[in-house]
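This report concerns only the one structure given below.
The values are calculated or read from the model by the stated rules, or taken from the named source; none is laboratory data. No experiment lies behind these values; they were computed from the predicted model shown. Positions of Cβ are generated from backbone atoms using ideal geometry, with glycine treated the same way; all protein chains shown enter the neighbour counts.
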Amino acid sequence: MKNLSQLGPQVQLMQEKLEAARVYGSSYDILGTVHVEMSGLGVVLSTSISSTLLESGHQNLTQRLVTEAMNEANRKAKELHVSAIRDITGGADLIPGFNDLLQNISG
């Protein structure tokens, strides 16, 4: 395990890297596509819904595709987060059950 006094600057650097990182989620249907871009912190940066999907008038389908795309991007952001935490901690189980918690977060 790394020295705890070293974690502060490493956590700050991790936050900066996650903020700059980009993850993407997409969902497709015959009527169109939805794309979502998020930061590694899980902040939605942009969404794109194809004009054919918007013009289709299928509100429930559009909502489902947006939800699927956002969930995919969010899952990828969580995976980045967990990977960054493991890099900082060297995979050490800092608190009993910590690694199990990280596993649950990333799915």
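List of remarks:
- Strands (runs of 3 or more DSSP E) wholly inside segment 17-70 containing at least 2 residues that are surrounded by fewer than 16 Cβ atoms within 10 Å (Cβ to Cβ) and of a type in the set (Val, Ile, Thr): 44-49
- Among the residues of segment 39-82, those identified as in contact (Cβ under 8 Å) with a residue 12 or more places away in the chain and small (Gly, Ala, Ser) are 39, 40, 42, 48, 50, 51, 56, 69, 73, 77.
- Residues of segment 6-42 that are touching an Asp or Glu at 6+ places or on another chain (Cβ under 8 Å) and over 18 Å from residue 88 (Cα atoms): 22, 23, 24, 25, 26, 27, 34, 36, 39.
- Test: residue 55 is touching a Ser or Thr at 6+ places or on another chain (Cβ under 8 Å) and either at negative phi or at pLDDT 95 or above (or both): no
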